[in-house]
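The values are calculated or read from the model by the stated rules, or taken from the named source; none is laboratory data. Not measured: the values here are computed from a predicted model. Glycine also receives a Cβ, built like all others from the backbone with ideal geometry; neighbour counts cover every protein chain displayed.
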Amino acid sequence: MSDQEPPVPARITIFDTTLRDGEQAPGFSMREAEKVRLARKLDALGVDVMEAGFPIASEDDFNSVRAVAREVRRPVVAALARSVDADIDRAAAALEGAARPRIHTFIATSDLHLEHKLRMSRAECLDHAAAAVRRARRHVSDVEFSAEDATRSDLDFLVAVVEAVVEAGATTVNLPDTVGYATPDEIVRFFQTVRGRVKFADRVVFSAHCHNDLGLAVANSLAALEGGVRQLECTVNGIGERAGNASLEEIVMALRVRPDKLPFTTGIATPELFSSSQLLAEITGEAVQSNKAIVGRNAFAHEAGIHQDGILKDRRTYEIMRPEDVGVPQTTLVLGKHSGRHALKNRCAALRIEPTRLELDELYKRMIALADQKKLVRDDDLFDLWSTMKRAAPRAKAPASRIFREEAALADEAGYGHGV
Ligand code: KIV
Ligand code: ZN
């Protein structure tokens, strides 16, 4: 190979945590059947790993992880566990039917969390971390360890913990920016330093899990790749605790659109991005922000005359990716008050909206009412009508018994403070 040839892009692992970290956010809880439906879609989307839940959190979470593990065969299915025996054994039980199980165990490593939350010394934390990985390895060969609040941890101590878990048999080491505090330049240095200092660092895959409190989750995730990370944790629509996690669709399309700057590939089928985003919105009843990058309803809409003129002459004037590359349907047929049910049904199929016969009747009524007011009903209007209709429909809510709202009780049971 000559010096001029570009490097072969490295294939990175996309670890989707929509069903776990995403589901923890208020308003996003999902029941078993809903999780299984979304898991099938994540499989079609091509995620490498899907974190299905936190089995110790509740009966419902345990059952959901078990159902997803039995349903989905290609991707790795991960279950979360604190560094506590009971959690690890419960995660292993939930994953019993999985084709490719992974136990994901974690403990906080920052002094702030150790002193004020876990009330634990650094030495105890290190012992718990290594013991948890050893226990998880007795159940499965694929074990991920996360050092919660890693980016605010003492570097020497963090290196010691990572060395201990590598020695104990972890196969992936995830260093989360749990509170979304880091900046991209810090993230690059952070991963380079840890990887440079940990003995046998090449035995594990390093992973980043960035939260979006300062709106930097995607930038930090991409920076982590420069620091040597080869697994990124993310969620559809960027949902997750507080301001959310790094958005899967934004990471994937940044890599796709800018290979000159970011020479990495993923296994994601990008034409499935938009429908995955829509399915999540439909299941949770939480609409996608209209200006959301990649999947928002304005992401490919052009209103200003100058922009429309440019787009009509050459789409590349104002579009850096093609709508069809991310599965955003192109309008080929416009609905109006003279359109029949058949036209509506065809449009729905093209948009991958799947109404039942009764829902189609209701949607039709709403579509005609709207057409009376605004002549033409565009695809985004149809999406709005559909999601408003689905939101209005009564939906069985998942019980509010998530571990994150019952941490204290579980922490007592486990014998030490809570973790997430
Ligand atoms: O944000 C975080 O630190 C987490 C860990 C449990 C991976 O979600
Ligand atoms: Zn998280």
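When you look at residue 270, is it more than 16 Å from ligand 2 (Cβ to nearest atom), under 13 Å from residue 294 (Cβ atoms) and either assigned by TED's automatic domain parsing to the domain that holds residue 187 or at pLDDT below 95 (or both), yes or no? Reasoning before the result, please.
Working: more than 16 Å from ligand 2 (Cβ to nearest atom): yes; under 13 Å from residue 294 (Cβ atoms): yes; either assigned by TED's automatic domain parsing to the domain that holds residue 187 or at pLDDT below 95 (or both): yes.
Here the answer is yes, as residue 270 does meet what is asked.
What are the pairs, 6+ residues apart or on separate chains, where a residue within segment 143-154 that is part of a loop (DSSP other than H, G, I, E, B) has its Cβ under 6 Å from a residue that is within 9 Å of ligand 1 (Cβ to nearest atom)?
149/108; 149/178
Test residue 66 against the stated conditions and say whether it is within 20 Å of the chain's Cα centre (by Cα), under 29 Å from residue 265 (Cβ atoms) and touching a residue at least 12 places away in the same chain (Cβ under 8 Å).
no
Out of (1) within 16 Å of ligand 1 (Cβ to nearest atom); (2) assigned by TED's automatic domain parsing to the domain that holds residue 391; (3) of a type outside the set (Val, Ile, Thr), the odd one out for residue 244 is which?
In the conditions (1) within 16 Å of ligand 1 (Cβ to nearest atom); (2) assigned by TED's automatic domain parsing to the domain that holds residue 391; (3) of a type outside the set (Val, Ile, Thr), residue 244 misses (2) alone.
Residues in segment 339-356 that are touching a helix residue (DSSP H, G or I) at 6+ places or on another chain (Cβ under 6 Å) and over 13 Å from residue 367 (Cβ atoms): how many?
1
Can you pull out every residue in segment 165-199 that is within 14 Å of residue 126 (Cβ to Cβ) and surrounded by fewer than 18 Cβ atoms within 10 Å (Cβ to Cβ)?
Answer for segment 165-199, where residues must be within 14 Å of residue 126 (Cβ to Cβ) and surrounded by fewer than 18 Cβ atoms within 10 Å (Cβ to Cβ): just 167.
Considering segment 240-276 alone, what residues qualify as being among the charged types (D, E, K, R) and within 21 Å of residue 41 (Cα to Cα)?
Scanning segment 240-276 gives 249, 250, 256, 272.
What is the number of the single condition among (1) within 18 Å of the chain's Cα centre (by Cα); (2) away from ligand 2 (no atom under 14 Å from the Cβ); (3) more than 19 Å from residue 142 (Cβ to Cβ) that residue 194 does not meet?
(1)
Every residue in segment 345-360 that is in contact (Cβ under 8 Å) with a residue 12 or more places away in the chain and assigned to a helix (DSSP H, G or I), please.
Filtering segment 345-360 for residues in contact (Cβ under 8 Å) with a residue 12 or more places away in the chain gives 345-348, 350-353, 355, 359-360.
Residues satisfying the conditions are 345, 346, 347, 348, 350, 359, 360.
Keeping to segment 131-150, report how many residues are surrounded by 24 or more Cβ atoms within 10 Å (Cβ to Cβ) and among the hydroxyl-bearing types (Ser, Thr, Tyr).
1
Tell me whether segment 82-98 contains one or more residues that are within 19 Å of the chain's Cα centre (by Cα), within 16 Å of ligand 2 (Cβ to nearest atom), in a strand (DSSP E or B) and crowded, with 24+ Cβ neighbours inside 10 Å.
Checked segment 82-98: no residue is within 19 Å of the chain's Cα centre (by Cα), within 16 Å of ligand 2 (Cβ to nearest atom), in a strand (DSSP E or B) and crowded, with 24+ Cβ neighbours inside 10 Å.
Taking the condition of a type in the set (Gly, Ala, Ser), within 16 Å of ligand 1 (Cβ to nearest atom), crowded, with 20+ Cβ neighbours inside 10 Å and closer than 30 Å to residue 11 by Cβ, does residue 108 pass?
When the stated conditions are applied, residue 108 does not pass them.
Before we move on, is residue 365 out of contact with any Pro (no Cβ under 9 Å at 6 or more places or on another chain), in a helix (DSSP H, G or I), charged (D, E, K, R) and farther than 22 Å from residue 296 by Cβ?
yes
What residue, among those in segment 1-53 that are closer than 15 Å to residue 76 by Cα and assigned to a loop (DSSP other than H, G, I, E, B), is nearest to ligand 2 (Cβ to nearest atom)?
17
When only residues in segment 205-254 that are in contact (Cβ under 8 Å) with a residue 60 or more places away in the chain, more than 16 Å from ligand 2 (Cβ to nearest atom) and crowded, with 21+ Cβ neighbours inside 10 Å count, which is nearest to residue 173 (Cα to Cα)?
Selected residue: 225.
For residue 178, indicate whether it is modelled with pLDDT of 95 or more and either closer than 17 Å to residue 14 by Cβ or away from ligand 2 (no atom under 16 Å from the Cβ) (or both).
no
From 202, 177, grab the single residue that is under 18 Å from the mean Cα position of the chain (by Cα) and among the acidic types (Asp, Glu).
None of the other options fit; the residue is 177.
Based on what the data block shows, is residue 70 surrounded by fewer than 20 Cβ atoms within 10 Å (Cβ to Cβ) and under 19 Å from residue 172 (Cβ atoms)?
Judged against the criteria, residue 70 is not a match.
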